[in-house]
Every structure is written in structure tokens, then in C-alpha cells.
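The values are calculated or read from the model by the stated rules, or taken from the named source; none is laboratory data. Source: prediction; values computed, not measured. Positions of Cβ are generated from backbone atoms using ideal geometry, with glycine treated the same way; all protein chains shown enter the neighbour counts. These area figures cover heavy atoms from the full protein model, side chains too; ligands, DNA and RNA do not enter into them. Shrake-Rupley method; radii C 1.70, N 1.55, O 1.52, S 1.80 Å.
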Amino acid sequence: MTVKVEDPKSPLDAVFHGQEFQIADQAFQFQEPVLRDHLHVLLGIDVEKTGFSPSRRILPVRMADKDFPVTWIRAYGKGRVFFSSLGHGAPVFWNAPLLAHFLAGIQYALGDLKADSTPSGMLPAAKK
């Protein structure tokens, strides 16, 4: 699948320099109808560049919005959350930029790295 950098200004995405990348991994599909109203999406599947064959079981809500975030952050009460659905195969953990991204996510969750966790659906760029 082709993974796009959703927030190139985020320090968690800095390692990618705004460049998409390809990876072989399993993608999760979330059943929630709206994801970006409460998540700050960092990386997502580029559906235009990733083949979705008819044999794949894509949830109707995901077929409708074509939104497949794979990493995100959010504030939760007084805490911070970093989530990644990547990592179903060993090659993910040999990918140096992804490891740097995961480390930045851990640093964010610990409070050692400041990052904007405004939900992506509320960002000015998302409203355009």
C-alpha cells in the first residue's frame, strides 16, 4: 500500500519529509462513521495509489469516505494517545523512518514531544 503523510508539519511526521512511501502490511478498518472529528491523522493510506481489488472486504463506511488512517494522535483527558495500526510483519520494524515515527509517537504520549493534536477535521486545511 502507498502511505501518505497527512501532516508534514507535525514533528511526528518530520522523518518522512512530506514524502509518501510504500509498505506491505495489513490495514485496519475502523467502523466509526467519522474519524477525523476526534483524531489528528498523521499517516493514511493513499487510496488513489493503493489497489483495492473486489476480493478485499472493505467496510461500506470506508468505501464511502475512502478514509484509512494508519497512525494518529489525540489528547485524552489530561493524557496523550499515539496509535499505529502498522506492524503486522517484521519488515515494518526494519524500516528506519517508521521506527523514528514510532519513537516520536512514544515521546508525544509521554509528554516529551509537543505536537498539535487538533482533530484533522477541524484543521483549516481540511475545511478547504
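Does region 56-70 contain at least one residue that is modelled with pLDDT of 85 or more and closer than 27 Å to L110 by Cα? Checking region 56-70: at least one residue is modelled with pLDDT of 85 or more and closer than 27 Å to L110 by Cα. Pairs are defined by a Cβ separation below 6 Å, a sequence spacing of at least 6 or placement on different chains, a first member in region 75-92 that is under 18 Å from Q107 (Cα atoms), and a second member that is assigned to a strand (DSSP E or B) and open to solvent by less than 80 Å² (accessible area, probe 1.4 Å); the pairs so defined are V81/R74; F82/I73; F83/W72; S84/T71; S85/V70; L86/V70. Once region 6-41 is narrowed to residues that are open to solvent by less than 40 Å² (accessible area, probe 1.4 Å) and under 12 Å from L98 (Cα atoms), the residue that is modelled with the lowest pLDDT is I23. Just one residue in the set A100, A115, A75 is assigned to a helix (DSSP H, G or I) and not acidic (D, E); that residue is A100.
Could you grab the pairs with beta carbons closer than 7 Å, sequence gap of 6+ or different chains, first residue in region 101-121 and within 12 Å of F82 (Cα to Cα) and in contact (Cβ under 8 Å) with a residue 24 or more places away in the chain, second one open to solvent by 30 Å² or more (accessible area, probe 1.4 Å) and of a type in the set (A, V, I, L, M, F, W, C)? So the pair list comes out as H101/V15; A104/L113; G105/F82; I106/F82; Y108/F82; A109/V81; A109/F82; S117/A75.
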